[in-house]
Amino acid sequence: MQITVKIYRHIPGVDTQPRYDEYTLDVDPKERILDLLENIKGFKDGTLAFRRSCAHGVCGSDAMRINGRNRLACKVLVQDLDTDQIVIEPIIGLDVIKDLIVDMDPFFEQYRSVLPYLINDDPLPADGKERLQSQEQRARFDDTTKCILCAACTTACPPFWANRKYVGPAAIVNAHRFIFDSRDHGAEQRLSRLSEPDGVWRCRTVFNCTEACPREIKITQAIAEVKEVLASGKINYKGVQIGPERVGSG
Amino acid sequence: METSTIAPNTRQVRVPKNYETTAWKWMRYSALLLIPLAWIHVILQDVIVGVHRIDLNYVALRWANVGWRIYDIALVAFAFAHGMNGLRQILAEYFPSPKARQTLGWILLALWFVITAIGVVAVVGGVRMPKQ
């Protein structure tokens with residue numbers, strides 16, 4: 001099929017204004033948007049700039065706005081869009097460096113601010129040298145372990161568009177992953193950051209983050225759970241185990 | 001010697017007590033209270049009585065009961081406080097500086113107070129029937 005691809009082009013400091021370049025391509029409906037970009041860059045316009053790495057929906061490099069929605073270019077097929085007019089733009093809320101490449105530093109700054117790593121200063125148990133966790137406790141934060149830091153959620157969030165100081169959904173998801181980990185003792189430090197005026201309270205439950213997440217993380221629910229801990233001071237580590245029990249477990 | 005044991009399923013943590021947390025809780029509690037307050041108001045005034053039959057006589061009759069006066073003051077105070085807090089949340093996105101947000105908070109609080117005070121004066125003052 002023949003399609004038209006309109007791509008946002010801009011080099012701040014060089015171009016006076018952003019523009020949209022249009023390319024006409026013959027494609028297979030099962031091709032991915034990333035394939036179209038590779039095609040354009042390889043055969044039509046080598047100056048086009050975009051990020052990509054694994055190309056299989058794991059690295060989170062190629063988040064962009066595809067027909068107005070934040071998506072990973074490597075996970076969207078042409079046929080998914082149900083149109084022959086495709087508009088590709090950079091994710092919004094972060095500064096454009098070139099074309100579809102944005103400056104991710106403010107995003108990662110917010111991510112680092114929630115201390116996204118296990119904090120436990122207790123001595124290791126001498127016998128097993130392992131901090132045990134039940135399957136239900138592991139299930140409690142399973143959903144939020146899936147984040148690949150693509151920024152699709154944070155840059156789909158209207159409060160973040162208006163105010164870049166807002167910690168944003170991705171950072172809250174990664175805080176959730178450790179706050180609800182029964183082995184972690186750093187919840188109070190994270191909650192201190194998240195209770196700031198630009199912390200978790202800036203979320204207005206728009207649900208754009210949940211809709212944008214390529215990993216289908218229930219982001220708005222995770223944010224609500226963090227708010228609940230801040231309101232009650234109580235963390236419940238017991239989750240619901242999904243799927244069959246491990247073979248041989250007694 | 002410490003042994004490997006599974007941690008308990010719940011833990012109490014110290015959470016910072018601050019204005020934003022209190023404002024968020026206020027939003028939830030006032031919303032819960034507004035559900036009966038607003039629904040009873042709508043059902044009574046708009047469905048059972050009907051807006052076209054509300055006149056001074058009806059208001060005088062209703063406010064003869066002090067319970068309805070307290071009810072109406074609670075409705076205006078909580079509905080407006082809930083709305084002002086929502087407006088504060090939205091405006092905070094456009095005013096990132098802490099100083100501007102603080103000033104805005106005071107302005108909205110003052111606005112809430114003025115509107116609520118006008119409502120209270122009206123309700124407490126009651127209905128003065130025109131001379132025939």
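Listing for the model above:
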read-out	value
Mean separation of Cα contacts under 8 Å (6+ apart) over length of segment A:105-232, as relative contact order %	32 percent
Distance from segment A:78-118 to segment B:89-132 (C-alpha centre basis), Å	41 Å
Positive dipole terminus of segment B:21-125, leading residue within B:A110, B:V124, B:I40 (C-beta point charges)	B:A110
Cα gyration tensor shape for the protein assembly as shown, rounded if a/c is under 1.5, else prolate or oblate	oblate
Relative contact order (%) - criterion: Cα under 8 Å, at least six apart; region: chain A	18 percent
Highest-fluctuation residue, A:S53, A:S192, A:S232 considered, GNM on chain A with Cα pairs under 10 Å	A:S232
Among B:N57, B:N18, B:N65, residue whose mean-square fluctuation peaks in a GNM of chain B (springs only between Cα atoms under 10 Å)	B:N18
Segment A:105-232: Rg to Rh, with Rh as the Kirkwood radius over Cα pairs	0.99
Helix B:66-94 axis, angle to chain B major axis (alpha carbon atoms, nearest 10°)	50 degrees
Descending semi-axes in Å of segment A:1-50, equivalent ellipsoid built from Cα gyration tensor	23, 11, 8
Per residue, the convex hull volume that the Cα atoms of chain B enclose (Å³)	208 Å³
Average silhouette area of segment A:2-102, convex hull of alpha-carbon atoms, in square nanometres	6.1 nm²
Cα-only radius of gyration and Dmax that characterise segment A:76-170, units Å	19.3, 63
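Values in this text are rule-based calculations from the coordinates and carry no lab data. In this text, all values refer to a predicted model and were calculated from it rather than measured experimentally. Note: ideal-geometry Cβ built from the backbone for every residue, glycine included; neighbour counts use all protein chains shown.
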